[in-house]
Amino acid sequence: MTLLRVRGFDVYKGFLDPARQAALIDALRPVLKAAPLFSPKVPGGGQMSVRMTSAGQFGWYSDTSGYRYAEQHPSGRDWPDIPEAVLEIWQQLTGLERAPECCLLNYYGEGARMGLHQDKDEADFSYPVVSISLGDDALFRIGNRSRGGKTESVWLNSGDAVVMGGEARLTYHGVDRIRFKSSRLLPKGGRINLTLRVVV
Ligand code: SIN
Ligand code: MN
């Protein structure tokens, strides 16, 4: 494992070995079964190219009326619990007593991307956001605490983790593109990104 510091983000390259990545995928299967992926609409009226779902007390949600946390999946059912294997990673990386209340799961299929944004729908920015990458490589772009200015990009590979906290908690970030089928972790290709958040 190597730790890079990029614009205040801690990037742990190779944080999860292949066995732990596979175990994590197994732990996520029941989550995806209980709370299937959906394609969120955005306030502008378009649709995100990533598909998503969540585990935990809250799930991140978006539609034409805005971005927010919701207590139920669009099906009307509660979100499934965050798998123990995911909570272990949070614990290992943050050492915090408090557990995250949302594990957002973003699935990037071929051509999916995510524009530069801040994670700012949470109540307390003193808690970090932890990101875990599984599957195909992604070009992750890191900007500044306000829109615009220079950015830096880093490839995130399967098993990498990023801690976005402290001074960088509100730093803009996004995913320009993935290298579809660069990994064999997911049988149909694509990338799963988990972000763990303390919400309230
Ligand atoms: C996110 O910012 O919610 C996702 C970041 C990523 O996919 O690496
Ligand atoms: Mn984000």
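Nothing in this text is a laboratory measurement; each read-out follows from the coordinates by a stated rule. It should be emphasised that the depicted structure is a prediction, and the values quoted were computed from it without experimental measurement. Note that each Cβ is placed from the backbone with ideal geometry, even for glycine, and that neighbours are counted across all protein chains shown.
Note on Asp81 and Leu96: their simple-model spin labels are 2.0 nm apart, each label 7 Å out from Cα toward Cβ. The range 73-87 and the range 44-62 have Cα centres lying 13 Å from one another. Would you mind checking Lys13/Lys150; Lys120/Lys188; Lys13/Lys181 for any pair whose Cα atoms are more than 27 angstrom apart? The pairs that break the limit, which is 27 Å between Cα atoms, are Lys120/Lys188.
Here's the picture: a label point sits 7 Å out from the Cα of Gln118 along the beta-carbon direction, and within the range 166-181 the residues with their amide nitrogen under 15 Å of it are 166-174. If R0 equals 35 Å, the separation of the Cβ atoms of Glu71 and Thr2 corresponds to a calculated FRET efficiency of about 0.35.
Cβ-to-Cβ counts within 10 Å put Asp137, Asp81 in ascending order as Asp81, Asp137, the fewest first. Fully extending the segment from Ser39 to Ser182 would add 49.1 nm, taking 0.36 nm per residue of separation and subtracting the current Cα-Cα distance.
Ordering Arg113, Arg7 from the fewest to the most neighbouring beta carbons within 10 Å gives Arg113, Arg7. Footprinting exposure proxy ranking of Leu139, Leu185, Leu3, fewest other C-beta atoms within 10 angstrom first, gives Leu3, Leu139, Leu185.
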